[in-house]
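The values are calculated or read from the model by the stated rules, or taken from the named source; none is laboratory data. Note that the structure is predicted; figures quoted are calculated from it, not measured. Positions of Cβ are backbone-derived with ideal geometry, glycine not excepted, and every protein chain shown enters the neighbour counts. Heavy atoms of the whole protein, side chains included, go into the accessibility calculation; ligands, DNA and RNA do not. Shrake-Rupley method; radii C 1.70, N 1.55, O 1.52, S 1.80 Å.
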Amino acid sequence: MKTFIVSTIITLVVALAIVLPVTSARADNHMLRVADTKAPKAFNVGMYRIINSAKISLAVAKNSTSRLNIKLKDQDGTVLHQENQGTGKELYKREFNFEHIGSGTFYFEIEVDGQKVTKTVHLSKATKQVIEVE
């Protein structure tokens, strides 16, 4: 009976020795995240090339109370296209056709609530058209 109690106590002590550092490490990680000064993004951006075409699909998910501003610029900074979406909608989705645009580097500037993300598109037209999205 004594050995059963001693072995149970040893098992509990070993279990606590294993669990306690794991829970305190998780608490420390949580505290680091709370102390992080980087503000969360107010929106999410998805962009990809549509297969076998010269089209780019752009999607932006935002809060319905936020305003969205999108600019498409060339490598010289000239605005080729600009759109604004007011409050009330949470999702923006559009396809951009680069078929009739020459080679070069283009930039999508997406801004929501003062936070800006820039996506780059490299367009190269030789004998075969190549679009690269970063």
Exposure of ARG49 as accessible area (Å², to 10), given a probe of 1.4 Å and all protein chains: 80 Å²
Exposure of HIS122 as accessible area (Å², to 10), given a probe of 1.4 Å and all protein chains: 60 Å²
Average projection area in nm² (convex hull over Cα atoms of the range 42-134, one quarter of hull surface): 5.8 nm²
Dipole axis of the range 56-134 (+1 Lys, Arg; -1 Asp, Glu on Cβ), positive-most option in GLY114, ILE131, GLY104: GLY114
